[in-house]
Ligand SMILES: Nc1nc2c(ncn2[C@@H]2O[C@H](COP(=O)(O)OP(=O)(O)O)[C@@H](O)[C@H]2O)c(=O)[nH]1
Ligand SMILES: [Mg+2]
């Protein structure tokens, strides 16, 4: 099974890849971690690393680009090497570039996913819980996950990280929403219907990468996604 780990910069992708791979190995699975971020050295032992083929800092020098241009260019170049990053583990965790938009709003992300995925591929969309302070930020995060899923054409689970410092309480947020008025409140009410209709079993899953909690719940949700298809590894 291939798991593409997505999320905004700082949401906890790399820490998740490191700690969730350890969790899966403790369960007895063969796990590969793959770094798809040409701008960062992996903080885990990577079976494959895109930086063997392209490094953002070299692209900056070679093409005379600033950091933003070099990030875009290096991810474009990286996609040409996607076929060299295949791994044979029962679970393969792909750590994606720091900036989410480089992966989901460029053609590169789709190329990586097409090249590397099999029948049992999904993305895990990490959201920093400390940034979910109101119904607006909650619904934006869930919608952002829906966009990522559509852009990459794979199922995607929303997962709230950093639950050790801040816990997302969906019922409280939805109650808050009832008190809102105006055009945006109407939009949000419709989005709640949309989420309920289209995202089961995409329930909010809360994890802490630091404490390694919530991983059992996440593991069950991953299994549920493919449960009608038999052996998922
Ligand atoms: N408290 C807390 N910090 C976390 C958690 N996950 C990641 N972090 C911290 O958040 C920062 C960004 O994490 P990182 O994995 O580099 O995020 P990335 O940019 O998405 O790859 C680091 O300082 C991590 O130690 C978590 O579950 N809880
Ligand atoms: Mg990272």
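Any read-out appearing in this document is the output of simple, stated calculations on the displayed coordinates, not a laboratory observation. Note that the structure is predicted; figures quoted are calculated from it, not measured. Neighbour counts are summed over all protein chains in view; Cβ atoms, including those assigned to glycine, are modelled from backbone coordinates with ideal geometry.
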Shape call for region 103-220, from the Cα gyration tensor axes a ≥ b ≥ c (a/c under 1.5 means rounded, otherwise prolate when a/b beats b/c, else oblate), comes out oblate
Extend 7 Å from the Cα of residue 130 along its Cα-to-C-beta direction; within region 15-45, residues with backbone N under 14 Å of that point are none
antiparallel share of DSSP beta bridges within the chain, to nearest 5, in %, is 5
In deg cm²/dmol, rounded to the nearest 500, the helical mean residue ellipticity at 222 nm of the chain, built from -39500 (n - 2.57) for every DSSP H run of length 4 or more, is -13500 deg cm²/dmol
Between the Cα axis of helix 135-152 and the main Cα principal axis of the chain, the angle (0 to 90°, nearest 10) is 40
Expected sort for 18, 162, 211 with the fewest Cβ neighbours (10 Å cutoff) up front is 211, 18, 162
Note: probe point = Cα of residue 45 + 7 Å toward Cβ; backbone nitrogen < 19 Å; residues of region 1-36 passing the test are 14-36
Label model pair residue 137, residue 86: point-to-point distance (7 angstrom along the Cα→beta-carbon line) in nm is 4.2
Taking alpha-carbon centroids only, region 75-101 lies from region 118-160 a number of Å equal to 19
Between the modelled labels at residue 213 and residue 26 (7 Å from Cα along Cα→Cβ) the distance in nm is 1.4
For region 2-227, shape from the Cα gyration tensor axes a ≥ b ≥ c, cut at a/c of 1.5 then a/b versus b/c, turns out prolate
If the label point sits 7 Å along Cα→Cβ of residue 183, residues of region 133-177 with amide N under 14 Å come out as none
